[in-house]
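Here the structure is laid out as structure tokens; the discussion comes afterwards.
The values are calculated or read from the model by the stated rules, or taken from the named source; none is laboratory data. Just so we're clear, the structure is a prediction, and the values are computed from it rather than from any experiment. Don't worry about glycine lacking a Cβ; one is built from the backbone with ideal geometry, like all the others, and counts go over all protein chains shown.
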């Protein structure tokens, strides 16, 4: 598999607790055993990163994540309202003869500063989290960690993806946040393939539909891994057939797997035979992407 075209796989799920990180870490470990090229792992679940518990990286580099928050000089402001018109997030408002800024809503895009006709708006940096980078044996590892109380994960995810661009890697595994909101979309964006993880329950199927719809909106090919599968929930199989969604792997519903994961072991440690399965999944994804 040497000299392959670089491949970026986002591992996502419509809900939390489906085993997304279990799949992402095991996929990275399996590929690292069979590749001479670098495997990059990005933990984009910046609100609750936990991939480090399984891959155990040694961090060697750290970077502060800042966003630029506008500050209005009222002596220069004419309260014309142009800044409020350009802000898509209602982070700035003109009330009579006063201009208010709501930092919790600001995305730091700088539009208000650029459009202000009197240069009454300046931007001050505000820290919202950190980025960390290191190695987990053969795997290059990077993650974002959002400061407690901060409301927006997207700027951290965006800066994390930019920060590791200069690191050469043949395979990039992105561990996305749960759900289908903006952080998930930002994590998926730019991927070659989306590997969805679900569980065979009504809740799992409901949220799988939402995540699959996001993938289709982004026009990124998608496959599925079913975790904790007992073969009894036929509605999930019916959905996959109706949507032509390929099922790459079914992880059995076993107590030994649950106990191993709870003790910090990876799936490939618990079931070494899955190493070959994950390597074959990667090759299948390459064929689909081509």
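Might you check whether a residue that is touching a helix residue (DSSP H, G or I) at 6+ places or on another chain (Cβ under 9 Å) and in contact (Cβ under 8 Å) with a residue 60 or more places away in the chain occurs anywhere in region 67-90?
Yes, the conditions are met somewhere in region 67-90.
Taking the conditions exactly as written (farther than 26 Å from residue 6 by Cβ and either in contact (Cβ under 8 Å) with a residue 24 or more places away in the chain or in contact with a helix residue (DSSP H, G or I) (Cβ under 9 Å, 6 or more places away or on another chain) (or both)), does residue 266 satisfy them or not?
Taking the combined requirement at face value, the residue does not satisfy it.
Of all residues in region 108-117, count the ones that are closer than 26 Å to residue 149 by Cα and touching a helix residue (DSSP H, G or I) at 6+ places or on another chain (Cβ under 7 Å).
3
Name the residue, out of 57, 49, that is outside the structural domain of residue 121 (by TED's automatic domain parsing) and under 20 Å from residue 150 (Cβ atoms).
Criteria check complete, one pass: 49.
Taking region 155-182 only, how many residues are closer than 22 Å to residue 17 by Cα and either surrounded by fewer than 16 Cβ atoms within 10 Å (Cβ to Cβ) or out of contact with any helix residue (DSSP H, G or I) (no Cβ under 6 Å at 6 or more places or on another chain) (or both)?
4
Within region 135-189, can you find the residues that are on the phi > 0 side of the Ramachandran plot and outside the structural domain of residue 285 (by TED's automatic domain parsing)?
137, 149
What are the residues in region 249-276 that are within 11 Å of residue 227 (Cβ to Cβ) and buried (at least 17 other Cβ atoms within 10 Å of the Cβ), if any?
249, 251, 257, 261, 267
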